[in-house]
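A quick write-up on the structure given underneath.
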Amino acid sequence: MQLLYITLALFLLVNLAAGMWRVLRGPGVADRMLAAQLFGTTAVAILLLLAEAAGSNALRDAALVFALLAAVTAVAFVKRAWSMQEERDVD
Amino acid sequence: MIDFFSILLLLAGALFFLAGTVGLLRFPDLYTRLHALTKADNVGLGLMIAGLALQAESLSAAGKLVLIWGLVLLAGASVAYLIARGALLRGVLPWKR
Amino acid sequence: MNIPMIYALLGITLFSVGLYGLIVREHLLRKILALNIMGSGIFLVLVALGKRSVGDLPDPVPHAMVITGIVVAVSATALALTLMLKLVEVSGSAVLHDAPKERS
Amino acid sequence: MEAIDIALGLFDLLLVFLLLWLAWLVMSSEDLFKAIVLFVAFGLLMALVWVRLEAPDIALAEAAIGAGLTGALLMAALDRLNAVKPMPAAAVVTSAKREQPSLPSKVLPLVALVLIVLGLGYALLSLPDVADGLVPNVKEQMAQSGVKNPVTAVLLNFRGYDTLLEMVVLLLALLSVWSLGGVRKLSPRNTNPVLASLCRVLVPVLILVSCYLLWVGADAPGGAFQAGSVLGAAGVLLLLSGWHVEQKILLWPLRFILVLGSGVFIIIAAVLFFTQGGLLTYPVAQAGWLILLLESAATLSIGATLAALFFGGIPKSRVDQ
C-alpha cells in the first residue's frame, strides 16, 4: 500500500506539472487562476496520500487548511485582481 | 478485500485527475476548461478520499477526510460559478465550433 | 548526498534566483516577490540543516524560527506593498529611479 | 534500493525541479498577474516540501499563509496598482526613454548568481553530516515545558521572548501600514448570493479550524501562528464579501484585539519577572495553562492583524455616522 500511495502522489505531481502549461499559456487571466485552482485540489490529494503513507494526522490538518484557503485566494482573485477591462493580457 | 476496494478507488481517482488535467490542457475555452476541472478533479478527489477513508484508523479520521472533500466541493462549486459569471460579465465569449 | 541536502541546495539556489530578480527586475512588485522567494530559500536551508540530527525528531528550533519567519514575511510583504502603492500614488511610477531629478 | 525509495526520490526531484522552474518564471515572466499566480503555486509546493522535510508545523503555516493570504494580499495590491495608475501613456514613455540594458549588465548578474550558488553550495556541503543542534537541550527540558509538541515548547516557552517580540513586529507593521494607507472605507455590501452562502459556511468552519489548531498545538502540530493565520483568512474572506461592521467596533474593540497578544505577553512576562526572577520563566505546574492563555491572545491578535494588513488602511465603516 505504501508504494501505491507514493506512486499516486508522484503521478499527481506530474499532473500538476502538466497544468503549469496552462498557467504559462493563459490566454486570459481567468485561465491562469483556474490552473492555480487545479493545483489546490491536486495538492490536497497529494497531502492526503502522503499523510496516509506516513500515518500522520497532522498532514490531514494541513490538507484541511489547504482546502479552506484555496477558496480565499480564488475569491480574492474574482473580487479584486480581475479588473473589468479584462482579457487585456493576451500573449 | 478492503485493500482491494481501496486500490480500485484510488486508481479510479487518479484517472479522474488525469482527465481533469487533459481537459484543462486541451479544451478550447474558459468555460469548457472550468467544466473539466471542477467536475473531474472533485470526483477524483472524492474517489481518492473514499479509498483512503477505507484505510483510516478511526471513524474520526475518516470523518475528517469526508469533511475535507465536502469543503473542497463547496469551494470548488462556488468558485467555478464566480469565475464563469465574472467571465460572462466581462464579455468572454463561449467557444463555438 | 541525502534528501535533506538536496533541499538545502534547492534553498540556496532559490535564494540566488530571488537575489538575481531583486537586482535585475525594475518593477517594485517583482522585487517584493523576489524578496519572498529569497526568504523561502533561507527557510529551506534552515529546516533542511535541522534535519541532520541523529534522533527520531528533527531539530524543532529551526522549525519554530521558520514559523515565526513566515508570519513576519507576510506582514513585511503587506507593508512593502503599501509602501509601493504610496510611491505610485506620489510619483506615478512603480519603478525606483536612480536620481530624484529624473522625476519629471 | 527499494521501489518505494525510488518513487520518493523521483517525487523529491520533480518537486525540486518544479520549485526552481516556478521561481525562475516568477522572476522572468513579463505579466505581473502571471507572476503572482505562479508565486501562489510556488507557495503551494513549498508546503509539500515542508511535509517531505518532516516539518508539519511549518506545512500548516505555509498552507495558510503561502498558499492563501500572500496570494490574496498580492492580488489586492495589483488591483490597487491598476486603480491608482490608469495612465499607461506615462509608463510607456518612461520605459521607452530607458535605453536597452547593455550586455554586461545582463550577463554580470547571472555570473554573480552562479558564483553565489557555487560558494554557498560549497559551504553547505562542507558542513558535518550529523549535527544535533539544540535537540538534546530541547529533549532535556521538554518535561518542564507544559506542552508535548516540541515546536510549541520552543515558540512559547524556551524562546518565548522571540514570540513576544514577533507580536510587536506584527503590530509595528500594521501601524506603518495604517500611517501610510490612510483611512479607507469598507467595500460595499456584496450582492452575489453564491459568494454570500460560501462565506456563511466557510467562515464558521475557518473559525472552528482555527480553534482546533490552537487547542491541538499543545501536543501535535498546530499552535497560535497557524490558528491566527486561519483566523486571518476568515477575516479576509469577510472583507472580500463586503462585511458590514459598525464604526464603534472598528474603533476601540478592534484596537483592543490588535494589542491583546502583545499586551497579555508583556503583562505575563512582567509578572513572572518579579515573581519567578526571569522573563517568561513559567513555574512548571502552571506552564500549560499560561501557554494556552498566551496562545489564545496571540491567535486573536495575529488573526485581526493579518486581516487588517490585508485591508491596507485604517478601516472605516461605510455608513457615515
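The values are calculated or read from the model by the stated rules, or taken from the named source; none is laboratory data. Keep in mind that this is a model prediction, so the values were computed, not measured. Ideal geometry is used to build each Cβ from the backbone, glycine not excepted, and the neighbour counts take in all protein chains shown.
Is one or more of the residues making up segment D:101-112 surrounded by 14 or more Cβ atoms within 10 Å (Cβ to Cβ), more than 27 Å from the chain's Cα centre (by Cα) and more than 30 Å from D:Leu290 (Cβ to Cβ)? Steps first, please.
The first filter runs over segment D:101-112 and keeps only residues surrounded by 14 or more Cβ atoms within 10 Å (Cβ to Cβ), leaving D:109, D:112.
Filter once more, keeping what is more than 27 Å from the chain's Cα centre (by Cα): D:109, D:112.
Narrowing the set further to residues that are more than 30 Å from D:Leu290 (Cβ to Cβ) leaves D:109, D:112.
Checking segment D:101-112: at least one residue is surrounded by 14 or more Cβ atoms within 10 Å (Cβ to Cβ), more than 27 Å from the chain's Cα centre (by Cα) and more than 30 Å from D:Leu290 (Cβ to Cβ).
Among what's in segment D:115-130 and is of a type in the set (A, V, I, L, M) and farther than 11 Å from C:Val17 by Cβ, pick the residue that is surrounded by the most Cβ atoms within 10 Å (Cβ to Cβ). Can you show your working first?
The first filter runs over segment D:115-130 and keeps only residues of a type in the set (A, V, I, L, M), leaving D:115-118, D:120, D:123-125, D:127, D:130.
Within this subset, residues satisfying the condition of being farther than 11 Å from C:Val17 by Cβ are D:115, D:118, D:120, D:123-125, D:127, D:130.
On the way: D:Leu115: 11, D:Leu118: 12, D:Leu120: 19, D:Ala123: 10, D:Leu124: 16, D:Leu125: 12, D:Leu127: 12, D:Val130: 8.
If we take residues in segment D:115-130 being of a type in the set (A, V, I, L, M) and farther than 11 Å from C:Val17 by Cβ, then D:Leu120 is surrounded by the most Cβ atoms within 10 Å (Cβ to Cβ).
Within segment C:31-50, work out how many residues are surrounded by fewer than 21 Cβ atoms within 10 Å (Cβ to Cβ) and facing chain D (nearest Cβ under 7 Å).
0
Checking C:Ser93 against (1) more than 22 Å from D:Gly313 (Cβ to Cβ); (2) at the interface with chain D (Cβ under 7 Å from one of its Cβ atoms); (3) in a loop (DSSP other than H, G, I, E, B), which single condition isn't satisfied?
Of (1) more than 22 Å from D:Gly313 (Cβ to Cβ); (2) at the interface with chain D (Cβ under 7 Å from one of its Cβ atoms); (3) in a loop (DSSP other than H, G, I, E, B), only one is false for C:Ser93: (1).
Which ones in segment D:183-220 are outside any helix (DSSP H, G or I) and either touching a Phe, Trp or Tyr at 6+ places or on another chain (Cβ under 7 Å) or under 19 Å from D:Gly242 (Cβ atoms) (or both)? Write out each step before concluding.
The first filter runs over segment D:183-220 and keeps only residues outside any helix (DSSP H, G or I), leaving D:183-192, D:217-220.
Listed by number, the residues that qualify are D:Val183, D:Arg184, D:Lys185, D:Leu186, D:Ser187, D:Pro188, D:Arg189, D:Asn190, D:Thr191, D:Asn192.
For B:Gly51, work out the one condition from (1) surrounded by 20 or more Cβ atoms within 10 Å (Cβ to Cβ); (2) more than 8 Å from every other protein chain (Cβ to nearest Cβ); (3) within 23 Å of A:Met20 (Cα to Cα) it doesn't fulfil.
(3)
Among the numbered criteria (1) over 14 Å from the mean Cα position of the chain (by Cα); (2) within 7 Å of chain D (Cβ to nearest Cβ); (3) crowded, with 24+ Cβ neighbours inside 10 Å, which single criterion is violated by C:Val66?
C:Val66 satisfies every listed condition except (1).
With respect to D:Trp243, is the statement that it is modelled with pLDDT under 85 and more than 9 Å from every other protein chain (Cβ to nearest Cβ) true?
On the way: modelled with pLDDT under 85: yes; more than 9 Å from every other protein chain (Cβ to nearest Cβ): yes.
The answer is yes for D:Trp243.
If I go through segment B:71-97 residue by residue, how many of them are surrounded by 15 or more Cβ atoms within 10 Å (Cβ to Cβ) and not β-branched (Val, Ile, Thr)? Please lay out each step first, then the result.
Within segment B:71-97, the subset surrounded by 15 or more Cβ atoms within 10 Å (Cβ to Cβ) is B:71-84, B:86-87, B:90, B:92.
Subsequent filtering for residues that are not β-branched (Val, Ile, Thr) retains B:71, B:73-78, B:80-82, B:84, B:86-87, B:90.
Residues that pass the stated criteria total 14.
Please go through (1) crowded, with 24+ Cβ neighbours inside 10 Å; (2) within 18 Å of C:Lys51 (Cα to Cα) for D:Val37 and return the number of the only condition it doesn't satisfy.
It is condition (2) that D:Val37 fails.
Scan segment D:1-20 for residues that are surrounded by fewer than 23 Cβ atoms within 10 Å (Cβ to Cβ), closer than 24 Å to D:Pro109 by Cα and within 10 Å of chain C (Cβ to nearest Cβ) and jot them down.
D:Val16, D:Phe17, D:Leu20
Can you tell which of B:Ala36, B:Ala61, B:Ala87, B:Ala56 is within 19 Å of the chain's Cα centre (by Cα) and among the hydrophobic types (A, V, I, L, M, F, W, C)?
Numbers: B:Ala61 fails: within 19 Å of the chain's Cα centre (by Cα); B:Ala87 fails: within 19 Å of the chain's Cα centre (by Cα); B:Ala56 fails: within 19 Å of the chain's Cα centre (by Cα).
It is B:Ala36.
Yes/no per residue for (1) buried (at least 24 other Cβ atoms within 10 Å of the Cβ); (2) at the interface with chain D (Cβ under 7 Å from one of its Cβ atoms):
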{"position": "A:Asp31", "(1), (2)": "no, no"}
{"position": "A:Gln37", "(1), (2)": "yes, no"}
{"position": "A:Ala43", "(1), (2)": "yes, yes"}
{"position": "A:Asp61", "(1), (2)": "yes, yes"}
{"position": "A:Ala71", "(1), (2)": "yes, yes"}
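Output the residues belonging to segment D:62-85 that are modelled with pLDDT of 85 or more and within 7 Å of chain A (Cβ to nearest Cβ). If you could, list the steps in order and put the result at the bottom.
Initial filter on segment D:62-85 (modelled with pLDDT of 85 or more): D:62-65, D:69-78.
The answer is D:Ala63, D:Ala64, D:Gly71, D:Ala72, D:Met75, D:Ala76, D:Leu78.
Can you tell me which of D:Ala227, D:Ala173 is touching a Phe, Trp or Tyr at 6+ places or on another chain (Cβ under 9 Å), at pLDDT 90 or above and assigned to a helix (DSSP H, G or I)? Show your work before the answer.
On the way: D:Ala173 fails: touching a Phe, Trp or Tyr at 6+ places or on another chain (Cβ under 9 Å).
When all the criteria are applied, what remains is D:Ala227.
Which of the numbered conditions does D:Leu156 fail, given that it passes all the others? Conditions: (1) touching a strand residue (DSSP E or B) at 6+ places or on another chain (Cβ under 8 Å); (2) at the interface with chain C (Cβ under 10 Å from one of its Cβ atoms).
Failed condition: (1).
Of all residues in segment D:46-85, which are part of a helix (DSSP H, G or I), among the charged types (D, E, K, R) and in contact with a Gly (Cβ under 8 Å, 6 or more places away or on another chain)? Steps first, answer last, please.
Of segment D:46-85, the ones part of a helix (DSSP H, G or I) are D:46-52, D:56-84.
If we keep only those that are among the charged types (D, E, K, R) too, we end up with D:52, D:57, D:62, D:79-80.
Residues satisfying the conditions are D:Asp57, D:Glu62, D:Arg80.
Would you pick out the residues in segment B:12-48 that are of a type in the set (Val, Ile, Thr), under 17 Å from B:Leu73 (Cα atoms) and more than 10 Å from chain A (Cβ to nearest Cβ)? Steps first, please.
Pass one, segment B:12-48, residues of a type in the set (Val, Ile, Thr): B:21-22, B:32, B:38, B:43.
Retained after the next criterion (residues that are under 17 Å from B:Leu73 (Cα atoms)): B:38, B:43.
Passing the criteria: only B:Val43.
Can you confirm whether segment C:6-24 contains a residue that is more than 7 Å from chain D (Cβ to nearest Cβ) and more than 22 Å from D:Ala41 (Cα to Cα)?
Looking for residues that are more than 7 Å from chain D (Cβ to nearest Cβ) and more than 22 Å from D:Ala41 (Cα to Cα), one finds none in segment C:6-24, hence no.
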